[in-house]
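Here the structure comes first, spelled out in structure tokens, and everything after it is commentary.
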Amino acid sequence: MQIRLFNTMSRKVEEFKPLVPGKMGFYSCGPTVYWDQHLGNMRTFLNNDILKRMFLANGYDVNHVMNFTDVGHLTSDEDTGDDKMEKGAARENMSVWEVAKKYINNCVADMNELNIIPPTVTPRATDHIKEQIELIQKLEKLGYTYEIPGDGIYYDTAKLPTYGELGGQNLSELRGGARIENNNKRNITDFALWKFSPTDTKRQMEWDSPWGVGFPGWHLECSAMSMKYLGDHFDIHTGGQEHIKVHHTNEIAQSEPIVGKPWVSYWVHWAWLVLKDGKMSKSSGSFWTVRTLIEKGYDPMAYRYLVTLGHYRQPVEFSFESLDAAANGYKNIVRRVADIIANKSGELDGAVYDTWHDKLLAPTSDNLKTAETLVVFQELLRDNSVNNATKIALVEFVDRLLGLMFVEHAEKLVAAESEVAPAEIVALAEKRTAAKAAKDWATADALRAEIDAAGWVLTDTPTGPKLTKKA
RNA sequence: GGCCAGGUGGCAGAGUGGUUAUGCAGAGGACUGCAAAUCCUUGUAUGCCGGUUCGAUUCCGACCCUGGCCUCCA
């Protein structure tokens with residue numbers, strides 16, 4: 001099926017053409033592991049997952065690389081910023097290495113709760129210092145670097161005529177809009193490739209280099225690791241939209257002089273999860289993680305469903321009200337699917353399956369319009385002309401495409417509902433039936449309350465009372 | 001200040017130059033002793049002002065508002 005994606009570089013929705021037929025390689029910027037990842041971060045990882053699943057559903061082999069940034073970069077290119085990893089270590093009374101380990105584990109666990117397929121490779125920046133140094137050496141040889149004594153090795157952005165292309169800006173515009181100046185940099189957009197360790201304090205993370213002891217600049221790792229695991233050219237590079245102007249622009253600047261242009265075929269950027277008043281952040285006190293949701297009693301799939309309901313280029317507004325709506329909508333679908341599973345009938349109808357398969361896949365293949373796929377999915381569920389065997393196969397397909405685990409959750413529901421009630425509960429139900437027959441509604445309702453308190457739900461059906469265990 | 005993206009019903013969020021997205025919530029009805037589930041029906045919208053057009057939510061322009069980037073950020 002034709003795949004289309006919005007390419008930030010061209011600012012247009014383009015037909016996807018792989019570098020190698022049947023294969024798709026992509027790099028997604030991963031988290032800095034100095035703290036837990038919040039729901040906004042998770043939206044990005046979910047979008048990566050949806051992108052990947054869409055390609056898998058279209059029959060591609062997908063090679064997905066996501067880094068973990070475990071080097072503590074300064075909060076600015078000046079010498080004055082804090083190091084986030086060192087700060088995290090101080091906060092938790094751990095070494096920076098322990099902090100990295102803890103938050104990588106937490107992040108992986110949260111991604112797992114959201115049914116995100118693990119990336120093919122998850123390289124860590126600190127495991128690739130050698131590659132990063134080699135990259136600087138190549139740039140140095142090509143004349144793109146200069147040293148600011150006592151500070152670091154910098155990239156001279158004036159040497160690259162196309163600098164800023166991704167963000168649609170040129171150097172003079174950037175200069176005009178800049179607020180902060182590093183007097184030692186040749187151009188305001190120049191950035192550090194290698195920072196020297198301070199002379200007065202000892203860093204926990206530092207390495208030898210041809211230029212002196214220090215640590216790599218924060219854009220460098222993505223260039224080095226993407227090329228190592230995906231080759232000099234690859235299909236897609238993704239990340240949050242805030243990376244367009246600086247991080248990705250600088251990755252391009254570091255890479256294209258070495259490998260030639262274009263380094264990456266398609267740039268895809270994810271919009272924010274927003275709150276009523278701005279984005280999710282620690283400073284505003286609105287910092288929720290997947291575990292927060294679980295503690296509050298939400299199914300992580302409710303959050304995934306909320307994200308799937310929106311479009312990746314559009315902000316999604318998060319509130320517990322919108323999450324409740326998504327949770328209800330999700331539960332309703334699981335309920336329907338459970339009914340379909342419990343009443344499995346008919347044989348798989350290949351022609352009907354193919355028609356719906358394509359109707360479901362088409363919108364998501366067209367620039368990841370997952371919301372439209374969900375609309376088609378709702379139509380499918382209520383279409384009585386499709387038999388249940390075929391429907392189940394299609395729900396399984398939607399699960400592969402969108403990762404929403406409808407079948408798994410529905411099967412759990414069916415299993416819970418088919419569990420046979422213990423004798424004492426059955427006895428209570430029989431007493432209630434007798435009370436009902438005698439039109440003694442008070443006794444009947446009291447008995448039902450008693451059954452409910454024991455963890456079972458009694459519902460009247462046309463074929464008599466039915467007992468189901470509470471989920 | 002510079003650049004960019006948006007403003008759709010109670011909520012979230014699509015599509016579309018002329019005919020109801022969808023979901024959640026709400027209302028009414030069927031069924032039920034009452035519930036639950038299910039089914040049916042249903043109301044409410046396109047920031048403001050101009051322009052183009054037979055006709056704009058959909059195209060163009062101004063304005064207002066919101067958000068993002070410019071400094072670490074998914």
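Read-outs throughout are calculated quantities, based only on the coordinates presented, and are distinct from any laboratory measurement. Just so it is clear, the structure is predicted and the values come from calculations on it, not from any experiment. Every residue, glycine as well, gets a Cβ built from its backbone with ideal geometry; the counts of neighbours run over all protein chains shown.
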Task: Of the criteria (1) part of a helix (DSSP H, G or I); (2) more than 22 Å from A:M225 (Cα to Cα); (3) over 22 Å from the mean Cα position of the chain (by Cα), which one A:S10 fails - done: (1)
- [ ] Could you check, for the stretch A:119-132, whether at least one of its residues is under 30 Å from A:I188 (Cβ atoms), of a type in the set (V, I, T) and surrounded by 17 or more Cβ atoms within 10 Å (Cβ to Cβ)?
- [x] yes
Open item on the list: Just to confirm my filter: which helices (runs of 4 or more DSSP H) fall fully inside the stretch A:388-471 and include at least 1 residues that are among the hydroxyl-bearing types (S, T, Y), exposed (fewer than 12 other Cβ atoms within 10 Å of the Cβ) and more than 12 Å from RNA strand B (Cβ to nearest atom)?
Closed with: A:406-418
Task: Residue in the stretch A:90-104 that is under 21 Å from A:H38 (Cα atoms) and outside any helix (DSSP H, G or I) present - done: no
- [ ] Only residues in the stretch A:6-25 that are charged (D, E, K, R) count as the first member; pair them with residues that are surrounded by fewer than 18 Cβ atoms within 10 Å (Cβ to Cβ) and part of a strand (DSSP E or B), Cβ under 6 angstrom, at least 6 apart or cross-chain, and list the lot.
- [x] A:E15/A:R4; A:K23/A:D61
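For the structure I just gave you, tell me whether A:W35 is of a type in the set (A, V, I, L, M, F, W, C) and under 19 Å from the mean Cα position of the chain (by Cα). Talk me through it step by step, then tell me what you get.
Details: of a type in the set (A, V, I, L, M, F, W, C): yes; under 19 Å from the mean Cα position of the chain (by Cα): yes.
In short, yes.
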